[in-house]
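Colleague: First, the structure itself, so that you have it in front of you.
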Amino acid sequence: YEKKLALKFIFNFASLNNDNIQPLPEWLVKTLGFLNDSLSFSMPNVYEKCYEISGYSKAQFNRLFKKYIGQTPSEYLSKRKIEYSCNMLLDTKYNMSIIANHLGFYSTSHFIHLFKKYMNCTPLQYRKRVLERKSALNKTS
């Protein structure tokens with residue numbers, strides 16, 4: 001499932017409406033594949049691995065990544081972690097500290113802060129709302 005989602009995500013970037021559509025460079029496709037793998041989320045040197053995959057220096061990599069993707073590698077990875085955390089919130093009963101730790105956030109409060117930034121609610125509010133909606137849908141069908 002994750003690999004399908006990652007490929008769909010990469011394809012969407014490559015097919016954005018743009019007057020000068022170009023395929024993504026191979027180094028970027030490989031880097032995005034690496035970053036979209038949940039195993040990379042908690043790696044201590046995740047960005048160093050990205051520089052290694054790309055063959056670029058830190059400065060070059062960050063500049064080119066932002067040029068192609070429209071956000072910094074850090075923003076991109078944070079959003080991916082939050083997307084993945086949404087699945088964990090719904091598919092597990094893990095508490096916030098376990099989810100934050102599993103996804104490589106340096107603290108639970110940082111995880112909650114980023115979750116609120118991107119999702120406009122806390123992780124617990126998200127879990128409660130979505131599960132209540134699913135329950136209501138199940139009762140009506």
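Colleague: Apply the Debye scattering formula to the range 65-141, with a single equal point scatterer on each alpha-carbon and no solvent, then give log10 I(q)/I(0) at q = 0.13, 0.17 Å⁻¹.
Modeller: Log-scaled intensity ratios, in q order: -0.44, -0.68.
Colleague: Could you work out the relative contact order of the range 45-141? I mean the mean sequence separation of Cα pairs under 8 Å and 6+ apart, divided by the number of residues, in percent.
Modeller: Working: 51 pairs, mean separation 17.0, N = 97.
This gives 18 percent for the range 45-141.
Colleague: May I ask you to rank THR140, THR31 by accessible area, largest first, using a 1.4 Å probe over the protein chains only?
Modeller: THR140, THR31
Colleague: Got a number for the accessible area of TYR118? Probe 1.4 Å, square angstrom, nearest 10.
Modeller: Taking all protein chains as shown, TYR118 has close to 60 Å².
The values are calculated or read from the model by the stated rules, or taken from the named source; none is laboratory data. Since this is a predicted model, take the numbers as computed values, not measurements. With ligands, DNA and RNA removed, areas are computed over all heavy atoms of the protein, side chains included. Shrake-Rupley method; radii C 1.70, N 1.55, O 1.52, S 1.80 Å.
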